[in-house]
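Since the structure comes first, as structure tokens, the remarks are kept for the end.
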Ligand SMILES: Cc1ncc(C[n+]2csc(CCOP(=O)(O)OP(=O)(O)O)c2C)c(N)n1
Ligand code: SF4
């Protein structure tokens, strides 16, 4: 009998700790599938963030380093400079990457560090129970914006891909979504390309994945996917921002 | 011994690191230690080293964390305000048990303070600085020759115990020139780095470098392991210089460049019939407690002289444990105590103790 679907080798056989309907798990799986398909598990080193995915080092079969909040790009820089022949990726949430770690991501990108960042934009702080993130939408209710995000008080949602793609060292920047099967497949394609860009030594690559946090959005998993489609996608334009035609 | 050169302290640190096999340096400019970075920027390209001028000290120490996790000999250097920013990273390095060398050419604070010499970071270096229960080995050289030797040794100690080692000097040490005699070959200890992230090559279980343990029992185990390691370091790695202590009336404690001033004062006091000894901790942690205990019953008293408002004096008092009075004399703000000031203090203590 032909096996048509199975757990990717790069993902350990271990139940994920994420809430039901959380899309962190989908993205983990996609990263693992890409690692399998590229045959790079033995030469890949991942960097875990601070956020709900803080312990994703327990799920990936490759070598892993846990970093302080927001510092993953600097940690990955240190690793990659020691092992330029390895594939190094960071996996970061929007609080981690776009608030406390803004300096680290911008400068790692600008230096053109040959690393790949998987950026999970779920418009909220998941782990610490639903506070406003830099990516929280206008009007969005969070535990620290109980009356909705008001730009005059809280500033505007940050568009990371638009910002990063202005930097010389960033060569592949794409925003994708995991709201349905079609988009999930597209996300995998983008992640694969981002890794390939790194392996070809081109420079820094980032994939922003629009994701859900049903728990802190106060929605069930299906409603959350719909909310992502209806509210996040209009503001966070999907598509490639840089490096679409890079030969890898 | 080999080549003898006249060199500036900061350059000696960089040269010593290179000789110790350090090929990764991450830093952010700050006076009075930037020459370390300049030297490395110039030398590294020809020896295959990697230097990054980071966007901040926070980033620099996290690059150190990454490179150390990847198994490399790695160093960063800074001065007080920058070292404050590195405290987060130092705590993580301690929790993840990574070897790293950190140089602090201390300047005076608090705040932006000034760029002149100070020892005001003693507490920060030996009592923690970052969060949680952890220690760093802290080395305090007082001459350029010693700066060289301790810098090389710092890398060995870091690897031996998977611990951060800080070399703490002040602006005087960093900026002054003295002759240094380099060894022809350094003793570079081989360390087992099978724990490092190097890629599994599909040949072993994955390695994980982390400092987070949500299960309290597991985290207590880590803490117990760290503490056991610290006790071993306290037994094995104490370095101290004693000078003129046997038969002394008064014992002065001083570290780094201040100890050099004190040595001159000892000669001046001798002429007046006051016998003064010096205990110079070379490792600020582990502190040479036993040496202080040995001399705790010195006839008169102890005096700690420091470039701060009274920091190491607390450890001296703990070591002496009430057996004798422990006095303090210090200057702050970049002011350096003169020989006369210290001698006056010694005279006063001597008179009062009679
Ligand atoms: C220095 C520091 N500040 C704050 C925290 C607390 N903290 C943990 S996770 C987190 C937010 C994470 O949010 P995000 O990056 O969006 O990831 P998510 O949990 O949504 O996946 C914060 C503020 C911390 N661990 N360290
Ligand atoms: S809190 Fe949100 S981001 Fe975190 S696991 Fe739950 S659903 Fe996912």
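The values are calculated or read from the model by the stated rules, or taken from the named source; none is laboratory data. Remember, predicted model here, so these are calculated numbers, not experimental data. Neighbour counts are summed over all protein chains in view; Cβ atoms, including those assigned to glycine, are modelled from backbone coordinates with ideal geometry.
Restricting attention to segment B:271-301, the residues that are outside any loop (DSSP other than H, G, I, E, B) and either touching a residue at least 24 places away in the same chain (Cβ under 8 Å) or not assigned by TED's automatic domain parsing to the domain that holds residue B:247 (or both) total 15.
Criterion first (without any contact (Cβ under 8 Å) to a residue 12 or more places away in the chain and more than 16 Å from ligand 1 (Cβ to nearest atom)) does residue A:166 satisfy it? So residue A:166 passes the test. Conditions: (1) more than 14 Å from chain B (Cβ to nearest Cβ); (2) within 13 Å of ligand 1 (Cβ to nearest atom); (3) touching a helix residue (DSSP H, G or I) at 6+ places or on another chain (Cβ under 9 Å). Residue A:51 meets all but one. Number of the miss? Every listed condition holds for residue A:51 apart from (1). If you go through segment A:57-86 and keep only what is more than 7 Å from chain B (Cβ to nearest Cβ), under 24 Å from residue A:7 (Cα atoms) and surrounded by fewer than 24 Cβ atoms within 10 Å (Cβ to Cβ), you end up with just A:58. Looking across segment A:88-142, just one residue is surrounded by fewer than 24 Cβ atoms within 10 Å (Cβ to Cβ), within 14 Å of ligand 1 (Cβ to nearest atom), within 14 Å of chain B (Cβ to nearest Cβ) and assigned to a loop (DSSP other than H, G, I, E, B), and that is A:127.
Being more than 30 Å from residue B:214 (Cα to Cα), outside any strand (DSSP E or B) and touching a helix residue (DSSP H, G or I) at 6+ places or on another chain (Cβ under 8 Å): is that true of residue B:62 here? In short, no.
Of the residues in segment A:181-202, not one is farther than 13 Å from residue A:118 by Cβ, within 16 Å of ligand 1 (Cβ to nearest atom), in contact (Cβ under 8 Å) with a residue 40 or more places away in the chain and under 15 Å from the mean Cα position of the chain (by Cα). Evaluate segment A:38-59: report whether one residue or more is more than 29 Å from residue B:93 (Cα to Cα) and either without any contact (Cβ under 8 Å) to a residue 40 or more places away in the chain or away from ligand 2 (no atom under 16 Å from the Cβ) (or both). Yes, there is a match, as at least one residue in segment A:38-59 is more than 29 Å from residue B:93 (Cα to Cα) and either without any contact (Cβ under 8 Å) to a residue 40 or more places away in the chain or away from ligand 2 (no atom under 16 Å from the Cβ) (or both).
Taking first residues from segment A:18-31 that are more than 14 Å from chain B (Cβ to nearest Cβ) and free of Cβ contacts under 8 Å to residues at least 60 places away in the same chain and partners that are in a helix (DSSP H, G or I) and within 15 Å of ligand 1 (Cβ to nearest atom), the Cβ contacts under 6 Å between residues at least 6 apart in sequence or on separate chains come to A:18/A:24; A:18/A:25. Here residue B:76 passes the criteria (1) over 29 Å from residue A:69 (Cβ atoms); (2) part of a strand (DSSP E or B); (3) free of Cβ contacts under 8 Å to residues at least 60 places away in the same chain except the one numbered (1). Being touching a helix residue (DSSP H, G or I) at 6+ places or on another chain (Cβ under 9 Å) and on the phi > 0 side of the Ramachandran plot holds for only one residue in A:168, A:203, A:155, and it is A:203. So, residue B:317, is that one over 18 Å from residue B:119 (Cβ atoms), outside the structural domain of residue B:121 (by TED's automatic domain parsing) and not in a strand (DSSP E or B) or not? Judged against the criteria, residue B:317 is not a match.
The helices (runs of 4 or more DSSP H) found entirely in segment B:83-177 that carry 2 or more residues being over 19 Å from residue B:195 (Cβ atoms) and within 14 Å of chain A (Cβ to nearest Cβ) are B:87-95.
One residue stands out among those in segment B:22-59 that are assigned to a helix (DSSP H, G or I), in contact with a helix residue (DSSP H, G or I) (Cβ under 6 Å, 6 or more places away or on another chain) and within 12 Å of another protein chain (Cβ to nearest Cβ): the one that is nearest to residue B:106 (Cα to Cα), which is B:57.
Considering (1) in a strand (DSSP E or B); (2) within 15 Å of residue B:305 (Cβ to Cβ), say which one residue B:242 fails and leave the rest. The single condition residue B:242 does not satisfy is (2).
Across segment A:203-222, which residue is farthest from the other protein chains (Cβ to nearest Cβ) among those that are more than 16 Å from ligand 1 (Cβ to nearest atom) and surrounded by 24 or more Cβ atoms within 10 Å (Cβ to Cβ)? Once the filter is applied, the top-ranked residue is A:205. In the set B:204, B:225, only one residue is free of Cβ contacts under 8 Å to residues at least 24 places away in the same chain and part of a loop (DSSP other than H, G, I, E, B); that residue is B:204. For residue A:46, indicate whether it is more than 14 Å from ligand 1 (Cβ to nearest atom), modelled with pLDDT of 95 or more, buried (at least 21 other Cβ atoms within 10 Å of the Cβ) and within 13 Å of another protein chain (Cβ to nearest Cβ). Yes, satisfied. Can you tell me which residue is farthest from the other protein chains (Cβ to nearest Cβ) among those in segment B:207-222 that are surrounded by 13 or more Cβ atoms within 10 Å (Cβ to Cβ) and part of a loop (DSSP other than H, G, I, E, B)? Looking at residues that are surrounded by 13 or more Cβ atoms within 10 Å (Cβ to Cβ) and part of a loop (DSSP other than H, G, I, E, B), I get B:213.
A residue that is surrounded by fewer than 17 Cβ atoms within 10 Å (Cβ to Cβ) and closer than 15 Å to residue B:73 by Cβ cannot be found anywhere in segment B:33-40.
When residue A:234 is tested against (1) within 16 Å of ligand 2 (Cβ to nearest atom); (2) part of a helix (DSSP H, G or I); (3) out of contact with any strand residue (DSSP E or B) (no Cβ under 9 Å at 6 or more places or on another chain), just one condition goes unmet, and that condition is (1).
Please tell me if residue B:185 is within 14 Å of another protein chain (Cβ to nearest Cβ) and either in contact with a helix residue (DSSP H, G or I) (Cβ under 9 Å, 6 or more places away or on another chain) or part of a loop (DSSP other than H, G, I, E, B) (or both). It is false that residue B:185 is within 14 Å of another protein chain (Cβ to nearest Cβ) and either in contact with a helix residue (DSSP H, G or I) (Cβ under 9 Å, 6 or more places away or on another chain) or part of a loop (DSSP other than H, G, I, E, B) (or both). The number of residues in segment A:84-113 that are touching a strand residue (DSSP E or B) at 6+ places or on another chain (Cβ under 7 Å) and within 16 Å of residue A:44 (Cβ to Cβ) comes to 7.
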